[in-house]
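Trainee: Dumping the structure here so I can ask a few things about it.
FYI, it's all coordinate maths here, none of it is from the lab. This is a predicted model, so every value here is computed, not measured. Positions of Cβ are generated from backbone atoms using ideal geometry, with glycine treated the same way; all protein chains shown enter the neighbour counts.
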Amino acid sequence: MPELTYREALNEALLEEMERDDCVFLMGEEVAEYDGAYKVSKGLLDRFGDLRVVDTPISELGFAGLSVGAAMVGLRPVVEFMTFNFSVLALDQVLHSAAKMLYMSGGQFNIPMVFRGPTGAALQLAAQHSQALESWYAHAPGIKVVAPGTPADAKGLLKSAIRDDDPVVVMEGELLYNIRGEVPEGEHLVPLGLADLKREGDDVSIITHGKMVHLALQAAGRLQREGVEAEVLDLRSLRPLDVEAVLASVRKTNRAIYLEEGWPYAGIGAQLVATIQEEAFDHLDAPVLRVTQADVPMPYAKNLEQLAKPNVERVVDACRRVLYRD
Amino acid sequence: MATKVHMEALSPTMEEGQLVRWLKAEGDSIANGDIIAEIETDKATMELVARGEGILRKVLLGEGGTAPVGEVIAVIAGADEEIGELVGAAGDSPEPVADSPVSADGPKSARGPTTPGSPVASAPAEDPPTATVGEAAQVGAESEEAGLPDQGGERLKASPLARRLAEENGVDLRTVPGSGPGGRIVVRDVEAAKVGAGAAVPPATVGTTEAQPWHPGVPSEPGVDFEDLPLSQMRKTIAKRLVESLSPVPHFFLRITVDMTRTLAARKRVNALLEAQGDKVSINDFVLKSVAGALGRHPEANAQWMGDAVRRHYRVHLGVAVAVEDGLITPVIRDANQKGLAQISREIRELAGRGREKKLQPEEYTGSTFSVSNLGMFGIHEFTGVINPPEASILAVGAIEETPVAEDGQVVVRPLMKVTMSCDHRVIDGATGARFLQTLKEMLEEPAAILV
Amino acid sequence: MESGMAQANMSGIPEHQNDPFDDPLKGFSEEELLGFLRQMLLFRRFEEKAEEGYAIGKIGGFCHLHIGQEGSAAGCIGPLRPDDYLVTAYREHTQALAKGVGPKQVMAELYGRASGSSSGKGGSMHIFGVDQAFMGGHGIVGGQVPLATGMGWAIKYRGEDRVAMCFMGEAAVNQGAFHESLNMAAIWQLPVIFVVENNEYGMGTAFRRVSATKVEERSAAYHIPASVVNGQEVLETFRHFEELVKEVREGGGPRFVEVRTYRFRGHSMSDPVSGTYRSKNEVSEQTEKNDPIKILRDRLFEADVLSQEALEVMDQEVRALVSEAAEFADAAPLPDPSELYTNVYSQINEHGRLFFDGRDR
């Protein structure tokens, strides 16, 4: 199995899907001539031409809405947001048009499209460029949200998202583009709504998504030295959510933490906590804890930024607490 | 659906009940909540309430008959429902006492301590889980919720999983010390309780036990009814050894002689004051009042053995032994140290009266923290009482006797009274008991002290 | 600007009299002329019926009527082919009818019934007709403009000869979505006609109070040809749009049109007709002199194409149609409760959970 970077895996997914279906086109800022701000679309302009790989003006609302309109009449747009921070400008079209068109038209117009781009903080990019907005999208019925954490999942989920008949938000990790991993060649599809057990363990469940999968695995390694076997469950899809996988893990370990990069208030973890206590209450031996970004805008200063972000220590500490080992 | 009517545990200590009379006859229709029978328990005559509806199809226990708790004594069912199997099976498998409504759900009254002699109370002595001492000590430093949070706390704190496991394994959570935050019982505690002592001590926290001081006898916050003091290794060893030597409660006895001259005089004056109201107090009332006052000053003597902890009570609930026709009942004067002499007097008269008529409700004869038994009126000079677990002592009060004593080189006659304190050595050491008795003696010899 | 494009009076409401030497009826058959009148009359009676339905509680929510603007619906949409896309905002009942959605389906939608054009899930602001390429009423001011641009994109992408037409009110030209869309339509030369129905007021705010420039000037920055037409003159409007549609269909790129009109009712059924933002006199003068139906009627009377009796017969017919639509709507079933959870997603696999309200447990 070839080893690819996360970036290459996404590129491969785009390329394969555009070859497979000529209704698929990619649109966004810097995606064509510049080869993509993060080079995810490298080489696609040469391959498919400027009707299918389209540089846009800096008009997130405009090109997001344009793509929804194109999807209404059967095209399958892939919209790249340079980062999801900028997607907020397009939120009207994502929320009011893409998410609701099928419903408010009584089933007449589905929106088969993808909104994708990097989410989450990189390094010292400060408040406006360091946000993990997954919960904003997962909040709205009508949208599907996935957040791949590995190159293989990046390819498999993006391909599935492009083939899906509903609007799918694919939230990539800005700091993941360079990570390497084995990626199946060709037809590798990861179904939406299927979580993946990245590490098995009996003692505590670390449930997470996206980039935080790697932090969770590091924490699990640390815990192993303390004699604790942590399970790392990567949700991969935030909506649909693999509730059964979550419950199975919690039923096994009787304790869980949710690790996410975003803020705690009304975050993805908040939903998970609600779901777990609603459906696995009698299996819990401890409250479900969350490890999230500090509930503040992201500071610039390096030391403050580190304080604001989830880290291995905090994950380990939360695990100890639910294990009553603190 | 047919409903089996069981002999229910209508008092906390009841093991069997006598059917006084049926208030419904076979063929009567029954609604949920109807009173269907009167049952005489070991303490009182209680009402048995229907827990289903339909027709009282079959009565299986005749009036005057007795049945153990849990036995099916009647069947309520639909008019045409087949009940042969139920009737046939009745008595084969009486349900365990633990399933009875009283004991299964735990004490519902928030401040109700465990009843003397109940299965719950005796459980710790048989199987003392000592596993989680270390953490209990840690938690105890934070709040009063440590140890056994149900007994007198607001509620029993246990994780959902711990509750489920306890239910599945028949572990009574009230006997399980919680090692989680705020005394929460978590699954490892239940597992430790299942396998017995020693299974789940978190090594990292054992050492904190030593750091836990015995508190001086005052509650840390107002509204704290008691606190559970964790057992030191020494105390655990003492407990274990003494149990082995003198099972189940390692008794020892302390006796002191009290000069009742001033109490007798005080009683005279008080009764003169009360005469206008047609009221009067007895010497025993003075004794009760003084015991309550002394316990208030010595909470270490107002304590109970909980198996894994010593529970030190800050409220004084005095059990007063009252002889009844066929035995003994111990009505409780709650917060006796807060009550005046006359009030104590009236209460005990009223409770004893109803006790003799077997009209006491369970909450009126359970929950005492210390008991007093007075056989003075029978001319008994001195005697020893038997401790009522989980209480740690009982005071036996003898008669006042004119006794010649040497005083300043002279022989004088004094009205002397001997009191004997039976102590559970696991809880009370000799000096502890002695200090309490000394205070009691001082109070009775200078009754003005009860005003202080 | 192209010849044949009406050059309207640039200040105030355009006069409906054209050049007396230029016969406005020229080139239309009697049947076509009566057809316009009948269509506008239907729109008027339909909206009046909706007004009645709202008053008696059959219709709820927001309900924006097009009364006074019928010339725009008939004149702009008339030249479109059935497969041309039409996207619009929330004052769209008559536009849906003009594009071919049935009065019964539209009325049933207003009534919130299963037989409605959006199965009762959209309501007054969200009429859709996939078979009529009626691409929806949209509720966020300006939100439909990028959608129309995207349909133009799809036409270009597929090399089709369709046209996408986008209606909006004049207040929408202040939205960012409008500008972003016009810019993209211009750089990619998309076959989109942006139609601004200028009824002078965005809810209760006169356009002149919130705009530094005139509507017609708004596309100049993007080099999209602009024109102005008097929407109260349905025949003139129709001719103008015939030309525009042809130009765009032939690859002429996007067009921008200001259609001058006037709203005879309040912003919505819950807003006053007049008050702080416009006077009663202004409204009554407009309804008197600038009613697109009266204007055409009088021309047809003058030209002897229409008699009073024929008009009355025509009115009876459209009233009957509208009543039938209301009766249909009233008798139509409510959406089945099971429909609550349909149409949220079109593709559901066996993995995961899509809804989080306990439904799936």
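Trainee: Specify which residue in the list C:28, C:198, C:211 is farthest towards the positive end of the charge dipole of chain C, using unit charges on the beta carbon of Lys, Arg (+1) and Asp, Glu (-1), about the Cα centre.
Mentor: The listed residue farthest towards the positive side: C:211.
Trainee: Using amide H atoms built in the peptide plane, which far-off residues or other-chain residues are under 5 Å from residue A:105 H to H?
Mentor: HN-HN under 5 Å from residue A:105: empty list.
Trainee: Stokes-Einstein D for chain A at 25 °C, 0.890 mPa s, Kirkwood Rh over Cα pairs, in µm²/s?
Mentor: Details: Rh = 19.9 Å.
For the chosen part, D equals 123 µm²/s.
Trainee: Still on this structure: Apply the Debye scattering formula to the range A:1-75, with a single equal point scatterer on each alpha-carbon and no solvent, then give log10 I(q)/I(0) at q = 0.12, 0.14, 0.26 Å⁻¹.
Mentor: Scattering profile of the range A:1-75, log10 relative to I(0): -0.33, -0.45, -1.26.
Trainee: Another question, if that's okay. Calculate the translational D of the range B:1-83 in whole µm² s⁻¹ from Stokes-Einstein, where the hydrodynamic radius comes from the Kirkwood formula applied to all Cα pairs, the temperature is 37 °C and the viscosity 0.692 mPa s. All intermediate terms of the calculation are to be shown ahead of the outcome.
Mentor: Details: Rh = 12.4 Å.
Using the Kirkwood radius from Cα pairs, D works out to 264 µm²/s.
Trainee: Quickly estimate the mean residue ellipticity at 222 nm for chain C, helices only: each DSSP H run with n ≥ 4 gives -39500 (n - 2.57), and the total goes over all residues, rounded to 500.
Mentor: Computed mean residue ellipticity for chain C: -12500 deg cm²/dmol.
Trainee: If you count the DSSP beta bridges with both ends in chain A, what percent of them are antiparallel, to the nearest 5?
Mentor: Numbers: 8 of 40 bridges.
Rounded to the nearest five, the antiparallel share is 20 percent.
Trainee: Take each of the peptides A:158-165, A:16-23, average the number of other beta-carbon atoms within 10 Å over its residues, and list them starting from the highest. Before the final figure, lay out each step's value.
Mentor: Numbers: A:158-165: 23.5, A:16-23: 16.4.
Order by mean packing, descending: A:158-165, A:16-23.
Trainee: How large is log10 I(q)/I(0) at q = 0.26 Å⁻¹ when the Debye formula is applied to the Cα atoms of the range A:212-295, each weighted equally and without solvent?
Mentor: The Debye formula, applied to the Cα set alone, gives -1.48.
Trainee: With all pairs of different alpha carbon atoms counted, what Kirkwood hydrodynamic radius in Å does chain C show?
Mentor: On the way: mean 1/r = 0.0473 Å⁻¹.
After inverting the mean inverse Cα-Cα distance, the result is 21.1 Å.
Trainee: Let me ask you something else. Mind pulling the angle between the C-alpha long axis of helix A:151-163 and the longest principal axis of chain A? Nearest 10 degrees, somewhere in 0 to 90.
Mentor: Once rounded, the angle reads 50 degrees.
Trainee: Same structure, new question: Treating only the Cβ atoms of Lys and Arg (+1) and Asp and Glu (-1) as charged, compute the dipole magnitude of the protein assembly as shown about its Cα centre; round to the nearest 20 debye. Could the numbers behind the result be given before it?
Mentor: Values: 112 positive and 167 negative charges, 686 e Å.
Here the size comes out at about 3300 debye.
Trainee: To the nearest whole number, what is the average tally of beta carbon atoms from other chains within 10 Å of the beta carbons of peptide A:231-244? Display every interim value, and only then the final one.
Mentor: Numbers: counts 0, 0, 0, 0, 1, 2, 4, 1, 6, 10, 6, 3, 5, 3.
So the per-residue partner count for this stretch is 3.
Trainee: Is there a simple number for the mean count of other chain Cβ atoms within 10 Å of the Cβ of residues in A:105-118, and what is it?
Mentor: On the way: counts 15, 16, 10, 12, 7, 4, 1, 2, 1, 0, 0, 0, 0, 0.
So the per-residue partner count for this stretch is 5.
Trainee: Another question about this same structure. Can you tell me the orientation of helix A:6-20 relative to chain A, as the angle in degrees between its alpha-carbon axis and the longest Cα principal axis, to the nearest 10?
Mentor: Approximately 40 degrees, to the nearest 10.
Trainee: A further question on this structure: Residue A:186: net charge of surrounding residues, Cβ under 12 Å, Lys/Arg +1, Asp/Glu -1, itself excluded? Don't jump to the answer; show the numbers that get you there.
Mentor: Values: positive: A:20, A:155, A:159; negative: A:12, A:16, A:17, A:19, A:185, A:187.
Value of the local net charge: -3.
Trainee: Using only the alpha-carbon atoms, how far is helix A:243-253 inclined from the longest principal axis of chain A? Give it as 0 to 90 degrees, nearest 10.
Mentor: Taking the Cα atoms of chain A, the angle to A:243-253 is about 20 degrees.
Trainee: Using DSSP, restrict attention to beta bridges with both residues in the protein assembly as shown and report what percent are antiparallel, rounded to the nearest 5.
Mentor: Numbers: 71 of 133 bridges.
Among the beta bridges of the protein assembly as shown, antiparallel pairing accounts for roughly 55 percent.
Trainee: At a threshold of 8 angstrom on Cα-Cα distance, excluding pairs fewer than six apart, so keeping six or more, what relative contact order does chain C reach in percent?
Mentor: Details: 655 pairs, mean separation 83.1, N = 361.
Value for chain C: 23 percent.
Trainee: Would you please put B:406-416, B:353-363 in order of how densely packed they are, using the mean number of other Cβ atoms within 10 angstrom per residue and starting with the highest? Could the numbers behind the result be given before it?
Mentor: Numbers: B:406-416: 11.0, B:353-363: 16.4.
Top of the packing list down: B:353-363, B:406-416.
Trainee: Here's something else I'd like to know. Enumerate the helices in chain C for which the Kyte-Doolittle hydropathy averages -1.0 or more and the C-alpha atoms extend at least 20 Å along the helix's axis, using complete DSSP H runs. Walk me through the intermediate numbers first.
Mentor: Numbers: long enough: C:30-55 (37 Å, -0.56); C:144-158 (21 Å, 0.05); C:234-249 (22 Å, -0.31); C:308-331 (34 Å, -0.05).
Helix filter hits for chain C: C:30-55, C:144-158, C:234-249, C:308-331.
Trainee: For chain A, the longest stretch holding no chymotrypsin sites (Phe, Trp or Tyr not before Pro) located in a DSSP loop with at most 13 other Cβ atoms within 10 Å is which?
Mentor: Details: sites that count: A:34, A:265, A:300.
Here the longest segment lacking exposed loop sites spans A:35-264.
Trainee: Rg over Rh of the range B:251-451, using C-alpha atoms and the Kirkwood radius, what does it come to? Walk me through the numbers before you get to the answer.
Mentor: Numbers: Rg = 16.5 Å, Rh = 17.2 Å.
That ratio is 0.96, to two decimals.
Trainee: Quick one: Cα convex hull volume of the protein assembly as shown, Å³ per residue? Don't jump to the answer; show the numbers that get you there.
Mentor: Numbers: hull volume 307.9 nm³, N = 1139.
Taking the convex hull of the Cα positions in the protein assembly as shown, it is 270 Å³ per residue.
Trainee: Still on this structure, please answer the following. How large is the direction-averaged shadow of the alpha-carbon convex hull of the range A:113-236, in nm²?
Mentor: Working: hull surface 35.0 nm².
Across all orientations, the range A:113-236 yields a mean hull projection of 8.7 nm².
Trainee: For the range B:297-381, taking Cα atoms only, what is the radius of gyration to one decimal and the Dmax to the nearest whole Å?
Mentor: Cα only, the range B:297-381: 13.8, 40 Å (Rg, Dmax).
Trainee: Enter the mean number of other protein chain beta carbons within 10 Å of the beta carbon of each residue in C:175-181, as an integer. The partial results should precede the final answer.
Mentor: Numbers: counts 2, 6, 9, 1, 3, 13, 7.
Per residue, the number of nearby Cβ atoms from other chains is 6 on average.
Trainee: Counting pairs of alpha carbon atoms under 8 Å apart in space and at least six apart in sequence, what relative contact order in percent does the range C:62-117 give?
Mentor: Relative contact order comes out at 30 percent.
Trainee: How do C:129-141, B:296-308, A:222-234 rank on mean C-beta neighbours within 10 Å, highest first? Mind showing how you got there, number by number?
Mentor: Working: C:129-141: 22.2, B:296-308: 24.2, A:222-234: 19.1.
The peptides rank, most packed first, as B:296-308, C:129-141, A:222-234.
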